[in-house]
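The values are calculated or read from the model by the stated rules, or taken from the named source; none is laboratory data. Keep in mind it's a predicted model, so treat the numbers as computed, not measured. Here the Cβ positions follow ideal geometry from the backbone for every residue, glycine too, while neighbour counts run over all protein chains shown.
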Amino acid sequence: MGMISKRYLAAVSALIAAVMSIPALAALQAGAQAPMFTAQATLAGKRFTFSLADALQKGPVVVYFYPKAFTSGCTAEAHEFAEAMDDFKAHNASVIGISGDDMDTLDKFSVSECGGKFPVASDQDQEIMTAYKAVMFGVLPYANRTSYVVAPDGTIAYEYTALSPHDHVKNTLEAVKKLSPAK
């Protein structure tokens, strides 16, 4: 990795750390209708169009927003989701990660950090993160670290917002377990 890339990543990480104390916009609450969306996504480096409506036909969907691929917190969170995918699948749930990253970056992230276990989608125009009130306040084009569990009926069953990545997987898995018994 070149010196410019390292400096860029360091600057982005510093920017994200600096805004950790800035409050987020109020997230969608449990019971609210989840905004339906389609987005360009990648799974194990293979691109496709992700449809929330289609995914919900199979069971609950964890829609999680993260600020920037390949930063320390986003990498840790992706690893945790990848490790827990068998548990999510045991409850008929799927996971989609969403950030403002471009597709070339996400192709690499989906292979290395997500381990090819779940898709990630690009929201470069911030339409999805705005609809889900998951824009990091004052720091476009970054998403706030917000996780939702969308029930098969299209309503928000659970929401959790915290810039620390550590409880998102545990909390969303518990919410999924309440919605869908294990296979």
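The set of residues from the stretch 136-156 being farther than 16 Å from GLY73 by Cα, out of contact with any Asp or Glu (no Cβ under 9 Å at 6 or more places or on another chain) and buried (at least 20 other Cβ atoms within 10 Å of the Cβ) comprises VAL150, ALA151, ILE156.
When ALA10, ALA90 are checked against the criterion of being more than 14 Å from the chain's Cα centre (by Cα) and either modelled with pLDDT under 95 or loosely packed, with under 14 Cβ neighbours inside 10 Å (or both), a single residue qualifies: ALA10. On the stretch given as the stretch 103-137, residues that are within 11 Å of THR42 (Cβ to Cβ) and of a type outside the set (Lys, Arg) total 15. For PHE109, the test of being aromatic (Phe, Trp, Tyr) and surrounded by fewer than 16 Cβ atoms within 10 Å (Cβ to Cβ) is failed. Close Cβ contacts (under 6 Å, 6 or more residues apart or on different chains) running from residues in the stretch 105-117 that are closer than 16 Å to TYR64 by Cα to residues that are assigned to a helix (DSSP H, G or I) comprise GLU113/THR75; GLU113/ALA78; CYS114/ALA78; CYS114/ALA82; LYS117/ALA82; LYS117/MET85. The residue that is farthest from the chain's Cα centre (by Cα), among those in the stretch 139-183 that are within 15 Å of SER94 (Cα to Cα) and small (Gly, Ala, Ser), is ALA182.
Checking each residue in the stretch 117-135 for being surrounded by fewer than 15 Cβ atoms within 10 Å (Cβ to Cβ) and either of a type outside the set (D, E, K, R) or within 23 Å of LYS177 (Cβ to Cβ) (or both) picks out only GLN124.
The rows are residues; the columns are (1) part of a loop (DSSP other than H, G, I, E, B); (2) closer than 21 Å to PRO181 by Cα; (3) touching a Phe, Trp or Tyr at 6+ places or on another chain (Cβ under 9 Å); (4) not aromatic (Phe, Trp, Tyr).
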position	(1), (2), (3), (4)
ALA41	no, no, yes, yes
PHE48	no, no, no, no
ALA69	yes, no, yes, yes
GLY73	no, no, yes, yes
GLU77	no, no, yes, yes
PHE81	no, yes, yes, no
MET85	no, yes, yes, yes
PHE88	no, yes, yes, no
ILE96	no, yes, yes, yes
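In this structure, does ALA27 turn out to be touching an Asp or Glu at 6+ places or on another chain (Cβ under 9 Å) and either modelled with pLDDT of 95 or more or more than 15 Å from GLY154 (Cα to Cα) (or both)? Against the criterion (touching an Asp or Glu at 6+ places or on another chain (Cβ under 9 Å) and either modelled with pLDDT of 95 or more or more than 15 Å from GLY154 (Cα to Cα) (or both)), ALA27 qualifies. Is it the case, given these coordinates, that VAL135 is touching a strand residue (DSSP E or B) at 6+ places or on another chain (Cβ under 8 Å), β-branched (Val, Ile, Thr) and within 13 Å of PHE88 (Cα to Cα)? Considered against the rule, which asks whether it is touching a strand residue (DSSP E or B) at 6+ places or on another chain (Cβ under 8 Å), β-branched (Val, Ile, Thr) and within 13 Å of PHE88 (Cα to Cα), VAL135 comes out as no.
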